[in-house]
Every structure is written in structure tokens, then in C-alpha cells.
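Read-outs: derived from the displayed coordinates by stated rules, not from any lab. Keep in mind the model is a prediction, meaning the values are calculated, not measured. Here the Cβ positions follow ideal geometry from the backbone for every residue, glycine too, while neighbour counts run over all protein chains shown.
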Amino acid sequence: MNHSRWNLKPPLPAEDLSTHGEHPPLVAQLLYNRGLSDPCQAELFLTADSRLSADPFLLPDMYQAVSRIHQALLSGEKIAVYGDFDADGITATAVLVKGLTALGGQITPYIPHRLTEGYGLKEAALEKLHKGGISLVISVDCGITALPEIKKANRMGLDIVITDHHTPLDELPAAVASVNPKRADSAYPTGDLAGVGVAYKLVQALYNGSGKESQAEDLLDLVAIGTVADIMPLTGENRFLVKEGLVKLNAAPRLGIGHLMNQARLDKGCLDAKSISWVLAPRLNAAGRLEHAMTSYRLLTTDSAAEAQELASWLETKNAERQKLTARFLEKAREQVPAAGIGPLLFTSDSECPAGILGLVAGRLSDEFYRPTVSVRVGEHVSTGSCRSIPEFNITAAITKCSELLTHFGGHAQAAGFTLPTENLPRLKECLTETAAEQLAGVDLRPHLDIDMEVRLSQLNGATLDTIQRLAPFGAGNPEPVFLSRNVSIAECRSMGASGQHLKLKLKQAASCWAGVCFRLGEAMAEVRQSPLDLVYNLELDRWRGVDTLRLNILDFAPSDKII
């Protein structure tokens, strides 16, 4: 097993403790660890209210976007919302279609097919929309790098408004507006909105002064799903958007989401960000990975109970199929990774792996080996790749260096995708490997675990969990608190799960006894039995068949006599 580097955060200085006197010591320490030593910042973080929501007109080109859309609405033009096939793009499409429909617009949703069309604005799709009478296309979660496609759209008389959150190129497209918080000239206070977050801000701007401002809040459940699914930092405005969205999801989930929750056996009223990450988002993504993402869009927008049930059941089946395919092609890809002499970048290829599975395979390999990973589906003439990376290596910047080899590409620092002529694959591999070798030279390629504080098991109880929840929602940028307990005895250790990939533990430290679980650490059973251990973990509530049990979710461990 590859263990992590442990980084135990320093204790809160006495002089800072006095500034957090109104908070319990545990909360004060957690706030300090997150850089929130100022009481006003800490109060805003904990409250996570609308003060975190910025003026949408601070986004670049927002005035131009609103003006063109209002013109189209007033003149009765046909408008298309062009999205992406992942959960962020699907929810963004639903948010904008619903937002524009409420303003009386004639709106056509369009999400490309991952397998037959690929990511982003495509000339053939734009031509099809134009021939169908569409005069304005609004992109969500895509479009910022589609320079040639938008030039061609302009020539055919089709106006494009871009809303996106991906990193722009040096040159912006010749669109009517390019609304993107990552633009170098953006005055928006955060660049970390998801695609659905940018779409929501457009709806807010369109509703400004119309008397419909409060109606935008009805879309926050969709915003929360897309933001968490796209692993956006849950800080700043995202924290407010997700917190409010979770309130709506728990109070009254929309029809399709409610049926999806039933299929996944999620308890209503108990959803959190982890429920989105591990349960809802994979099911919404399953449609686009294996078939067409429009199925998930229909689930989010249907008013028919019968259709919602049918679509939720179909997504549940597709998600199970996705899991099997991931396991199959992950094993094939793992065989391509040499047992020794692993380089700074992993590059795997397969002629059969579905394009929708590539990112999952790359992600699992990147997690397992802690290396930037590229997984490619090799075609006869054209190949498709997905990349997942580690914090020490910006994969989108790396593939940008190889842009002359690529047909299309785009993404974020730790996730990207591309297409290219198959004949360019060897040169791409060489280019990316050289870049990784140069940038990661001398870097300790092991994941690191930030540990909030060291505690004894006797200090933990249900009240501790309640206290921790004051900092929720947790996710990227605001991880669940991590604790360290030393000299813990393993009273019992057994396999859990159909394939034995998890471990279930009984733990003891002095008079304290706890349940514990090690996810995806089934192969480490022999190591775990080397009691006593120092354990790094989250405290969590396990809900199983109506019974709530506090347990430790073990993230890493080491023999108690070993220094990490």
C-alpha cells in the first residue's frame, strides 16, 4: 500500500484562541487551520449566507450577454442552450433552460453525444440548430476555446453567447459575449464557479429588476449538484450556493431527483455534499458516459412521476454497468503500468475502452500511483484522451504545450480532455512525459494528508460530530476534518464488500472502543493487523438500515513506532 505524507497542523496559538472565544476549541482550531483567524471571516464562513453572493454584473461581458438575450426574448427569437454531457453541464443546461423559459423564451436544450460528437461546440451541431430556426446559442460549461467553431457560426449568421468556467486561451472567441470568471480581465471575486454557477449568475442578471429575483433561488438545488459534482472549491460563493441548494434538496427534492434518491436508497432529509459526490453525480453522469446525457437532463426537468421513475430506474441500471466497465478497463490499464520504474506520468491506451470510462480509469490510476495520468481510446484515425492529475502538476497547462498535436482540448489544472489524430499519439506521449519529468523532478510523489489535530478516541462522541457539522458543507477547498489518534489497538479486522475491497474494524484505545472502516484498503489487511497503529481518519455517521452508528473512516495508518 502507498502511504501518504502526514502534515499535522500546528495548534491554535493562545493569542488567536481569544479571538475565537465564542467558538468551542475544536471549531476554533478547524477555522484556524482553514486560514480563518479573523473573527469576521470566520463568522461569514460559518454563516455562509447571501453576503457571499457577488453581483453577477461583475462577470466579464455580462451586460452584453443580458442585452443580447433580452433582445432575443423580446423579438421572439428561437434560442438554444448548448451544454456539456457531465453533471455540471447537464445541471447548467437545466438551470438556464428553466430560467429563460420563465421569461417566456422559446428554448431548445442541446447536449452533444459524447461518443458520436464529443465535447464542446461542434460546427455540425451549430449548423443543425441554425437550420432549425435558432438564431442565438448560449453555451454552458463549454465554448471558451471554440475559436474556429464560433467564427463559422458567425459566418452563417448565428450569434453565440458563451458562459463557461474553463481556462481561456490567450485569444477569446469572436462571440457576442464570453462570460467566464477565469478571464484575465474578470472583476469577479472568485474564479472558482462551476459551469452551473456561471449559468445561475446569468439567470440572476437576466432577472434583475424583473421582480423574479427570488425565483432564481428555486434553481439552487441544481446549482449545488453541478458544483459538487465538478469538484469546485466549497469556499466563498460556492459555499453559499451549495449550502442553500442542499436545504432545497432535503426539504423538497424535485420529482426526478426524488426518484433517483429512492433508487439509490438515500434517506430524504439526510443529503449532504458527499451524497452528491458519491451517489447522485455518478448516476447523472452514467447517461453521458454510456449513452446520451439528455436522459439525465430529462430526469431533472420532468413533471411526470411515471417518467421520473422510469428514467431513475434506467440511470440506476446504467450506473451499475458503468461500475463494471470501469473495473474491467481499470484492470487492463493497470497491467500497462510497470511494476517497477514507474515514471513521473502514466500513459495508458486501449482501443475498446468507452470514451466515457476513460476519465474514471485515469482518475483511479492517478489516485493509486499518485501520478498525472493520461488514458486514451485509440481509434483508427482519431483518438480521444482523458487526463487526471495531482496538485503538483497542471495537466491542462501541459497539454497546451502540445497543442499543435491536438484537434481539440480543454480542462482544469487536474482534469482535462483532448482529441487528436492517432498518428500523433507517440509524439504526444513523449511531449507530456518530458514535461512531467522536468516539472516533477525532485518532487516526493506521495499524496499528503493534512491533519487538523491529534486526539484521543475518548474525546470523540456524537457532540463532536455535531460541532464539526458547523463547518459543512465539506468538499474541495473545505475538506472534512481529519484527526490523528496514536497507539490504537485493532481488536478485530475483517473484509467487507462483495470483492473484499474494504475492511471493517473494531478499534480500542484504553477504555474507548470504536467501529472503523477502511475503504479500498482490502489488500492492506496484513498491515492493518500489525497492532497497535497510529490512525488518520474522519469521524462520520454511518446510516445502515435505519440505524445510525458513529465510526472512524480510516484514511491512512502506520505502526505506532514508525515516524511518518
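Figures for the structure shown
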item: DSSP-assigned coil residues among trypsin sites (Lys or Arg not before Pro) in region 178-267, each with at most 11 further Cβ atoms within 10 Å; result: 265
item: Whole-Hz ³J(HN,Hα) from phi, Karplus 6.51 cos²θ - 1.76 cosθ + 1.60, for region 390-405, glycine and proline x; result: 10, x, 7, 9, 7, 6, 5, 5, 5, 6, 5, 5, 9, 4, 5, 8
item: 28 Å Cα-Cα reach of residue 122 towards lysines, excluding residues that sit fewer than 8 places from it in its own chain; result: 78, 98, 131, 151, 152, 182, 201, 318, 401, 429
item: Angle between the chain longest axis and helix 305-335 axis [Cα atoms, degrees, rounded to 10]; result: 60 degrees
item: Computed over region 371-431, Kirkwood Rh from alpha-carbon pairs, angstrom; result: 11.3 Å
item: Equivalent ellipsoid, region 213-271 (semi-axes from 5 times Cα gyration tensor eigenvalues, Å); result: 20, 14, 9
item: Long-range amide H partners of residue 349 with built H, under 5 Å; result: 376
item: For 200, 32, 537, 63, order by how many other beta-carbon atoms lie within 10 Å, fewest first; result: 63, 32, 537, 200
item: Taking N as its residue count, the alpha carbon Rg of region 56-313 over 2.2 N^0.38 Å; result: 0.94
item: Anisotropy class of region 414-517 from Cα gyration tensor, a/c 1.5 cut; result: prolate
item: Globularity ratio of region 449-564, using Cα Rg and 2.2 N^0.38 Å; result: 1.04
item: P(r), alpha carbons of region 49-148 - 5 Å bins starting at zero, rounded %; result: 2, 12, 20, 24, 23, 12, 5, 2, 1
item: Helical contribution to [θ] at 222 nm, DSSP H n ≥ 4, -39,500 (n - 2.57), averaged over the chain, rounded to 500; result: -11500 deg cm²/dmol
item: For region 330-374: rounded, prolate or oblate by the Cα gyration tensor [a/c cutoff 1.5]; result: prolate
item: Amide proton proximity set for residue 449, modelled H, under 5 Å, gap of 5+; result: 5, 6, 7
item: Partnerless Cys - the chain, beta-carbon criterion under 4.7 Å; result: 40, 142, 270, 353, 387, 493, 513, 518
item: Shape call, region 336-439: gyration tensor on alpha carbons, a/c limit 1.5; result: rounded
item: Radius 10 Å from Cβ of residue 472, net charge of other residues (Lys, Arg +1; Asp, Glu -1); result: +2
item: With 10 Å bins from 0: P(r) over region 166-291, alpha-carbon pairs, percent; result: 12, 38, 33, 15, 2
item: Qualifying GluC sites (Glu not before Pro) in region 143-249, DSSP loop, other Cβ atoms within 10 Å at most 11; result: 171
item: Residues whose placed amide H lies under 5 Å from that of residue 502, excluding near-sequence neighbours; result: 496, 520, 522
item: Part-to-part distance (alpha-carbon centres) for region 506-564 and region 58-123, which is given in Å; result: 47 Å
item: For the chain, convex hull volume per residue from C-alpha positions, Å³; result: 163 Å³
item: HN-Hα J in Hz across region 85-102 - Karplus 6.51, -1.76, 1.60, θ = phi - 60°, x for Gly and Pro; result: 9, 9, 4, 5, x, 5, 5, 5, 4, 5, 4, 6, 4, 5, x, 6, 4, 5
item: Phi-based couplings in Hz for region 140-150 (Karplus 6.51, -1.76, 1.60; Gly and Pro marked x); result: 10, 6, 6, x, 5, 10, 8, 4, x, 5, 6
item: Inter-label distance for residue 46 and residue 337, nm, one decimal - labels placed 7 Å from Cα along Cα-to-Cβ; result: 4.2 nm
item: Ordering of 99-107, 225-233, 491-499 by burial proxy (mean other Cβ atoms within 10 Å per residue, highest first); result: 225-233, 99-107, 491-499
item: Within the chain, percent of DSSP bridges classed antiparallel, to nearest 5; result: 60 percent
item: Local net charge near residue 504, Cβ-Cβ under 12 Å (Lys/Arg +1, Asp/Glu -1); result: +1
item: Footprinting exposure proxy for 270, 353 (fewest neighbouring C-beta atoms within 10 Å first); result: 270, 353
item: Pairwise centroid distance, computed over Cα atoms, of region 294-357 with region 157-212, Å; result: 30 Å
item: Listed peptides 380-391, 76-87 by packing density, highest first (mean Cβ within 10 Å); result: 76-87, 380-391
